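Everything below concerns the one structure shown next.
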Amino acid sequence: MKVIKFGGSSLASSTQLQKVLSIVEADDQRRYVIVSAPGKRFDGDTKVTDLLIQYARQTIHRQDATATVQAIIDRYAEIGHGFNVPEDQLTPIFDTIRNLPNQTYADNTYLMATFKAHGERLNAQLVAAVFKQSGLNARYLDPKDAGMVVTDVPDDAQIIDSSYTQLAQWADSKQILVIPGFFAYNRNGQICTFSRGGSDITGAIIARGVHADLYENFTDVDAIYSVNPSLVDQPAAISEMTFREMRELSYAGFSVFHDEALIPAIQGNITVNVKNTNHPTAPGTLIKSTREPSSHYPVTGIASSSSFCSLYLRKYLLNKEVGLGRKILTILETHHISYEHMPSGIDDLTIIFDEHQLTPELEKTLVAEISAAINPDEIYFTHDYSILMLVGESMRNRVGIMSRAATALADHNIKLIMVNQGASEISIMFGIHDRDADQAVIALYDEFFKK
Ligand code: ASP
């Protein structure tokens, strides 16, 4: 049987939900339906989740939220009325929206999580009503009743492993179960959400829990493309990729499938099929544990991300100094900072960070503490730093990939600040300046997909 997840754009309106209904009706193996909150109907529209965040903030700051509440209600009303869902089934949904401020919350972080989660919670209730109205044997299943328990982090929860034993009891459901994505409950029964876009994570957890044969992830693109389609016209679609390839590409900015959703899929060895709600017959992209090497393209995908910065430090005889790495890492640990990469030379070391972890003050503190601990000859942060990734399982059997990539970049006058083909044989990573990032992606695409 299959677990099938629909993203926000697939559920944005009654017209979109009609397509969802047809997809579910088309295959009786589609037994577990995970839904996001209604997303954007057009460019510039606001997702219901973002409206709920606004509603939560207005509640916290005791501001008038009448217009926001109405905007949220209107989104569900349009869908419900589009399918003639009886008014007595819609009223409780509208009342729940109005009454969110009247519940008690341990603090504002739990309030925010509960408001946000209702985008999916109420949508799953509505979708279940629409399915029933259309003659399907469907019902709503709350994450609590499903047995999903998560860590006590209101906006970035993680699944607790014992949930899988509970979820297994729902295997082989004869009924279609409509389950909200994005949230579950901590051990105290409080709502906690996953990080943004986290309905994919719920889908993967359910797929692992009920031992699904396939996890179909419906979104609004025909496939995952080998490169960002806003940079290259009609880029090659990826028909199959491995979990490792997906992970490496997500790292550098491929955002079609939430990277945390890969973990349950990998653990349960569940193949994921990313498909398009607007074009369901297109085969989409399969993400699985292994695949046959491609004889055609050695590279699967190319991506770049500018969300990095680096700390460069130089010290004469750095390579001979015992304990230097430990001193630096201890300072990072004290400040709860993780690092991404740490390429080193004889007298030099660069530490690459996810920029979001740092603030100008924290950078000053780190420079001061590291300087005091190891007395470097030179030390500074650089923010003009992008990571460019070339990823492909088939790269490991090929000779000359690095030389082709480096030549293509040199031909476009792109300066390489760092090259790392260290631990992973299936990717090559380049550190480049932000301003070169788009051109570098295009240059590599031309080299590996057009020649
Ligand atoms: N509705 C949530 C968000 O917008 C989760 C999701 O759509 O996956 O982040």
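Here are the numbers for the structure shown:
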item: Some residue of region 65-74 being modelled with pLDDT of 95 or more, assigned to a helix (DSSP H, G or I), open to solvent by 10 Å² or more (accessible area, probe 1.4 Å) and within 16 Å of the ligand (Cβ to nearest atom); result: yes
item: Unique match (being modelled with pLDDT of 95 or more and in a helix (DSSP H, G or I)) among Thr104, Thr96; result: Thr96
item: Total residues in region 180-191, condition out of contact with any Ser or Thr (no Cβ under 7 Å at 6 or more places or on another chain) and either closer than 21 Å to Lys40 by Cα or within 15 Å of the ligand (Cβ to nearest atom) (or both); result: 2
item: Of all residues making up region 78-113, the number that are in contact with a helix residue (DSSP H, G or I) (Cβ under 7 Å, 6 or more places away or on another chain) and under 21 Å from Val35 (Cβ atoms); result: 15
item: Unique match (being buried (at least 17 other Cβ atoms within 10 Å of the Cβ), at pLDDT below 95 and over 17 Å from the mean Cα position of the chain (by Cα)) among Pro293, Pro298; result: Pro298
item: When residues of region 35-50 are limited to those that are open to solvent by less than 20 Å² (accessible area, probe 1.4 Å) and either at pLDDT below 95 or under 15 Å from Ala77 (Cα atoms) (or both), the one nearest to the ligand (Cβ to nearest atom); result: Ala37
item: Among (1) more than 19 Å from Ile266 (Cβ to Cβ); (2) at pLDDT 95 or above; (3) of a type in the set (Gly, Ala, Ser); (4) part of a loop (DSSP other than H, G, I, E, B) - the single one Ala128 does not satisfy; result: (4)
item: Test: Asn102 is farther than 20 Å from Leu17 by Cβ and open to solvent by 10 Å² or more (accessible area, probe 1.4 Å); result: yes
item: Yes/no for Met395 being touching a residue at least 40 places away in the same chain (Cβ under 8 Å) and in contact with a helix residue (DSSP H, G or I) (Cβ under 8 Å, 6 or more places away or on another chain); result: yes
item: Qualifying positions in region 232-267 - surrounded by fewer than 18 Cβ atoms within 10 Å (Cβ to Cβ) and polar (S, T, N, Q); result: Gln234, Ser239, Ser255, Gln267
item: Scan of region 51-64 for residues that are open to solvent by 80 Å² or more (accessible area, probe 1.4 Å) and more than 16 Å from the ligand (Cβ to nearest atom), ordered by number; result: His61, Arg62, Gln63, Asp64
item: Enumeration of residues in region 354-396 that are exposed (fewer than 12 other Cβ atoms within 10 Å of the Cβ) and more than 19 Å from Ser338 (Cα to Cα); result: Ala372, Asn375, Asp377, Glu378
item: Any chance Ala373 is among the hydrophobic types (A, V, I, L, M, F, W, C), outside any loop (DSSP other than H, G, I, E, B) and free of Cβ contacts under 8 Å to residues at least 12 places away in the same chain; result: no
item: Criterion (part of a loop (DSSP other than H, G, I, E, B) and hydrophobic (A, V, I, L, M, F, W, C)) met by exactly one of Val3, Val85; result: Val85
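Every residue, every condition in (1) under 24 Å from Val227 (Cα atoms); (2) touching a helix residue (DSSP H, G or I) at 6+ places or on another chain (Cβ under 9 Å), yes or no:
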{"residue": "Thr334", "(1), (2)": "no, yes"}
{"residue": "Ile337", "(1), (2)": "no, yes"}
{"residue": "Asp348", "(1), (2)": "no, yes"}
{"residue": "Glu355", "(1), (2)": "yes, no"}
{"residue": "Pro360", "(1), (2)": "no, no"}
{"residue": "Lys364", "(1), (2)": "no, no"}
{"residue": "Ile370", "(1), (2)": "no, yes"}
{"residue": "Tyr385", "(1), (2)": "yes, yes"}
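The values are calculated or read from the model by the stated rules, or taken from the named source; none is laboratory data. Since the structure is predicted, the reported quantities are computational estimates derived from the model, not experimental observations. For neighbour counting, all protein chains shown are included, and Cβ atoms are generated from backbone atoms with ideal geometry for every residue, glycine included. For the accessible areas, the whole protein counts, side chains as well, though only heavy atoms, and no ligand, DNA or RNA atoms are used. Shrake-Rupley method; radii C 1.70, N 1.55, O 1.52, S 1.80 Å.
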